[in-house]
Amino acid sequence: MVAMAGLLATAPGRAQERPGLLFREDWKETPAATPASQEHVANPDLIVTRYGPSEALIKKSHHDKPADDPFYIWSGDATGNWAIALKHRNAFADLTGQAKIRWRSKQTGFRQLRIIVKLADGKWVIGDQADGPSEDWRVREFNLPDFRWRTFDPKKVVEGRWVEKPDLGKVDEIGWTDLMPGGGTPASSRVDWIEVYAKPVPRG
């Protein structure tokens, strides 16, 4: 019985090893500024890039009140579509298996914040799941095996056709967009921090 239990525990496909935290970004606690840039990135392993017609209007925001107001990325001033993404300097992200992404965000209006990823071949895709409006900050966890994906144009920041089983084994950049212009405080997206749980794949 003991031997059989051991075989069951190690049988292929019986269990998958959960990936650890590949990176977290929480933004530097510095004064608000537009646009959000590399100087606002707290994690030295990460590179930030902005995309879209209004990339220069993506703001790293903060308010003195309330006292617990975080330092966060804000889309409210964007006059057109926008997107922002993070890249690990030393590793691709393997987003297969039980990989997941967590963030703390707050959307207002009809904003629905979605995950975008740049694949190893340079193509982009955007996920079908989204994080919608909330009266207060909240943490959302995305299990990536549950996603369906569409093509994504980072220049226009618009979605395209469905993509069947994109290769998520070597993801170059991970980011987010709500596919909409900002509308100030009543209609915008905010991200306080993001965590990516994925296996690292060394860059060549």
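The values are calculated or read from the model by the stated rules, or taken from the named source; none is laboratory data. These figures come from a predicted structure and were not determined experimentally. All Cβ positions, even for glycine, are placed from backbone atoms using ideal geometry, and neighbour counts span all protein chains on display. Only protein heavy atoms, including side chains, enter the accessible area calculation; ligands, DNA and RNA are left aside. Shrake-Rupley method; radii C 1.70, N 1.55, O 1.52, S 1.80 Å.
Cβ-Cβ distances below 9 Å connect the following pairs, each with a first residue in segment 23-43 that is in contact (Cβ under 8 Å) with a residue 60 or more places away in the chain, a second residue that is surrounded by fewer than 16 Cβ atoms within 10 Å (Cβ to Cβ) and in a loop (DSSP other than H, G, I, E, B), and a separation of six or more residues or different chains: 23/45; 24/42; 25/42; 26/42; 27/42.
Of all the residues in segment 173-204, those that are more than 15 Å from residue 45 (Cβ to Cβ) and not in a strand (DSSP E or B) number 12. Only a single criterion out of (1) open to solvent by 60 Å² or more (accessible area, probe 1.4 Å); (2) not in a strand (DSSP E or B) is not satisfied by residue 50, namely (2).
Go over the candidates 93, 67, 56, 85 one by one and state the one that is in a loop (DSSP other than H, G, I, E, B) and either modelled with pLDDT of 95 or more or open to solvent by 30 Å² or more (accessible area, probe 1.4 Å) (or both). I'd like the intermediate steps shown before the answer.
Details: 93 fails: in a loop (DSSP other than H, G, I, E, B); 56 fails: in a loop (DSSP other than H, G, I, E, B); 85 fails: in a loop (DSSP other than H, G, I, E, B).
None of the others qualify; the one that does is 67.
For segment 113-138, the set of residues classified as of a type in the set (Gly, Ala, Ser) and in contact with a helix residue (DSSP H, G or I) (Cβ under 9 Å, 6 or more places away or on another chain) consists of 127 only. Looking across segment 135-147, just one residue is surrounded by 14 or more Cβ atoms within 10 Å (Cβ to Cβ), out of contact with any Gly (no Cβ under 6 Å at 6 or more places or on another chain) and part of a loop (DSSP other than H, G, I, E, B), and that is 137.
Would you confirm whether any residue within segment 182-191 is out of contact with any Lys or Arg (no Cβ under 8 Å at 6 or more places or on another chain) and among the basic types (Lys, Arg)? First the steps, then the outcome.
Let us first name the residues in segment 182-191 that are out of contact with any Lys or Arg (no Cβ under 8 Å at 6 or more places or on another chain), namely 182-186.
Cutting the leftovers down to among the basic types (Lys, Arg) gives us none.
There is no residue in segment 182-191 that is out of contact with any Lys or Arg (no Cβ under 8 Å at 6 or more places or on another chain) and among the basic types (Lys, Arg).
For segment 96-115, a residue qualifies if it is open to solvent by 50 Å² or more (accessible area, probe 1.4 Å) and either among the small types (Gly, Ala, Ser) or assigned to a loop (DSSP other than H, G, I, E, B) (or both), and the qualifying residues are 96, 98, 110, 112.
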